[in-house]
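Encoded as structure tokens, the structure appears first; notes follow it.
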Amino acid sequence: MAGITGIGSGLDINSIVGALINAEKAPKQAQLARLEKASTTKFSALGQLKGALGTFQTAMKNLNSPALFEKRTATSSNSSALTATASKTALAGSYKVTVERLASASKVATAALASDFAATGTGQLSVKLGASDAGVSVDIASGDTLVGIRDKLNAALKDKGITANIVNNPADGTSRLVLNAKETGGGQDISIETADAGLTALVVDGASEVVGDAAGYLQQAADAEFTIDGLALKSSSNSVDGAIPDVTFTLVGKTEVDKPLTVNVGQDKSGVTANIKKFVEAYNKLIATTSELTSVVAVGEGKAPVVGGLVGDASVRMLLSGVRNELVNPADQEGVRVLADLGITTQKDGTLKIDDATLSTALTDNFDAVGAFFTGDNGLMSRVDKRIDGFAKTGGVLEQRMSGLQSTLTGIDKQRETLNRRVEQMQARLLSQFNAMDALVGQLNQTSERLAQSLGNLPGVVKQDY
């Protein structure tokens, strides 16, 4: 209540009311603050745990994939000469390969022409790709320049994979039309024919090499030539599919004489190894997260310890117990029965450690057994996932608890609003009561003063000075 109070009684009414209000408000405020801090801490801790579980589930899902163990790799010892890929049905093997020649596409040039060349008659050019090709006819008009002829050729030949351009010789000012084919392979040479005398300067025989200013080929179409384990082979394309069943080679460059490269085809051990390591990393992150959330750390004498948000939480104990039980539960198979067979062991802090050499040996000697150990309905990944799914899934234990904590935090806000309204009402009531008392005391004081004055003025009253 605004204004000056306590005039009549001399009391500091605002301070008295403030003290009474604080005495009423402070305990409830402290209670709500403690509840809010505890709920927020636990909510954040459950969120961290849920995130670590999500990462762990993702790693398990990636490892619990039959396709991962079906992948095959094809590696080349000289990727600057050859690269290779393999499908899942490719058989393991090692092959010596030499690349003696790459497949090439035809490139031809017309005879050297004057830079201001123009067709002297109307007619047609027939452009063929190989001797058996029917060819594409291109209409040429009298007076067409090299630029105009080039543009007509490109428009007519775009679907045939042939492009034309002009190359100029700065030394003598002559120009040539140069045609490039996209398709590689022997017998796919470009040739230009005509029956019209005004266009004979543009004729090209794709079987003859350019000599001086004459027309001919700059590069002949040719098959790729290579050997696999000494067997001489050819391909019309530099992408060789089927020379080894389910393996594709891409020829990139020639190998050195008497230095064949090696192509190894086998299981994708590197991909499996990477996914196993991701699984171990995700598990170790889960262990580190739960350890942090359930720890009590002393920070010094006389100071309160730092307490994790899930200290003593039964959900964490149940979760970790279920996961650990599955990790040590042996599989009903030969070759690989427990994680230790893969070089994966448990350390003192509960985390896992991988012995790379043991893992590599297991993948080399028992690749299929490793796949059966991790994958399938009875594989380790499925069994562990069933243990944690009830905690991590939508609507699961963790989400329900977080939802309950969120409701608690929302309730705290509402309780604060209710407390503030009640305190405001109490403050108004107390100020009203104290101000009424103050006014009454003021009236009584005034009456007392008037009475004293009246008595002092009565006859016979002797005033004494002190």
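Observations on the structure shown:
- Residue in segment 23-31 that is surrounded by 13 or more Cβ atoms within 10 Å (Cβ to Cβ), of a type in the set (A, V, I, L, M) and at pLDDT 80 or above present: no
- Selected residue (only one of Leu398, Leu405, Leu380 is touching a Lys or Arg at 6+ places or on another chain (Cβ under 7 Å) and closer than 29 Å to Leu63 by Cα): Leu398
- Qualifying residue in segment 379-400 (condition: of a type in the set (Gly, Ala, Ser) and over 30 Å from the mean Cα position of the chain (by Cα)): no
- Scanning segment 343-364 for residues that are within 28 Å of the chain's Cα centre (by Cα) and assigned to a helix (DSSP H, G or I) turns up Asp356, Leu359, Ser360, Leu363.
- Some residue of segment 105-117 being loosely packed, with under 14 Cβ neighbours inside 10 Å, outside any loop (DSSP other than H, G, I, E, B) and at negative phi: yes
- Scope segment 163-190; condition closer than 21 Å to Gly135 by Cβ and either among the acidic types (Asp, Glu) or free of Cβ contacts under 8 Å to residues at least 40 places away in the same chain (or both); matching residues: Thr163, Ala164, Asn165, Glu183, Asp189
- Within segment 199-226, the set of residues being surrounded by 18 or more Cβ atoms within 10 Å (Cβ to Cβ) and more than 58 Å from the chain's Cα centre (by Cα) comprises Leu199 only.
- Restricting attention to segment 378-425, the residues that are of a type in the set (Gly, Ala, Ser), within 25 Å of Asp313 (Cβ to Cβ) and either in contact with a strand residue (DSSP E or B) (Cβ under 9 Å, 6 or more places away or on another chain) or part of a helix (DSSP H, G or I) (or both) add up to 6.
- Restricting segment 292-318 to residues that are of a type in the set (D, E, K, R) and modelled with pLDDT under 75, the residue that is nearest to the chain's Cα centre (by Cα): Lys303
The values are calculated or read from the model by the stated rules, or taken from the named source; none is laboratory data. What you see is a predicted model; the values in this text were computed from it and never measured. Using ideal geometry, Cβ is built from the backbone for each residue, glycine included, and neighbour counts are taken over all protein chains shown.
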